[in-house]
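Below you'll find the structure, written out as structure tokens, and then a few comments.
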Amino acid sequence: MIADDERLAREELWYLLQQEADVVLLPSATNGRELLELVRQYQPEVVFLDIKMPELEGMQVARILAAGDHCPLIVCSTAYEDYAVEAFGLNAVDYLLKPTDPARLKETMNRIRRRLAQQHNLNGEKEAAGTAAAALPAAPVVGKLSKLLLDDGNRLVVIDPDSILYAERDDRLINIYTSQQRFTSKMTLQQLEQKLAAYPFFRTHRSYLVNLNYVYELIPWFNGAYNVTLKDKQRTQIPVSRSYAKELIKLLQGQ
């Protein structure tokens, strides 16, 4: 599946992928919300995802997909080199720069085939193991940090990611809140979001990142926006911009 808001870019990639004998092309998406709906409907194995799209940006869509039941392999496609680190932080298979180079796309397709083969082998091993696996201790999730190291002023602190209620951007710093205290870090909100990609955090607003495990209620505000109330003693309220409200509601409903 291709997701790109630029018609010429979609058509170029569509043409190149048609040359691959083992590729079946599904309907394309022109924005983030449309992509989420098409993924639910068709369940593609691979999505070529544009980073900059209307409605929901590509990275936001990738995180939503990663939190769902069906997460396709992601190939990030963009005209900007600056997003490469973030793309691989989301475990993207590859990162393609526009305009797409046919030889470079061949390399990407080989990576995709290897990754799919690994997944199929892993699924076969799981089936062969049967119910015996239930007696074994759960393996740690690859890439999921058990502790988070933060710079806080002149010190480095180690905190449990599950203890974070939310984080907010404050000029060039971010404030990270737990139920007990606040930490101030020089990292960006985007960098924190990458580190916490394996946890149920959601970007409700360009300046806020919220732990969904601590959401108490959603209160309608105006023009389709909401406020999230958290489960802390202060019943802290966090803004939810209109562009993210619909997906947040779906996530909280388990969809």
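What the table shows:
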quantity: Residue list for segment 210-249, filter: among the β-branched types (Val, Ile, Thr) and under 22 Å from the mean Cα position of the chain (by Cα); calculated: VAL210, VAL215, VAL228, ILE238, VAL240, ILE249
quantity: Some residue of segment 188-207 being free of Cβ contacts under 8 Å to residues at least 12 places away in the same chain and farther than 21 Å from ALA67 by Cβ; calculated: no
quantity: Which listed residue, of LEU25, LEU56, LEU35, is surrounded by fewer than 16 Cβ atoms within 10 Å (Cβ to Cβ) and farther than 18 Å from TYR95 by Cα; calculated: LEU25
quantity: GLY68 being closer than 30 Å to ASN211 by Cα and modelled with pLDDT under 85; calculated: yes
quantity: ILE2 vs. criteria more than 21 Å from LEU116 (Cα to Cα) and either surrounded by 18 or more Cβ atoms within 10 Å (Cβ to Cβ) or touching a Cys at 6+ places or on another chain (Cβ under 8 Å) (or both); calculated: no
quantity: Residue list for segment 1-51, restricted to those being part of a strand (DSSP E or B) and under 25 Å from SER243 (Cβ atoms); calculated: ILE2, ALA3, ALA29, VAL47, PHE48, LEU49, ASP50
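The values are calculated or read from the model by the stated rules, or taken from the named source; none is laboratory data. Remember, it's a predicted structure, so these values are computed and weren't measured experimentally. As a convention, Cβ positions derive from the backbone with ideal geometry for all residues, glycine included, and neighbour counts pool all protein chains shown.
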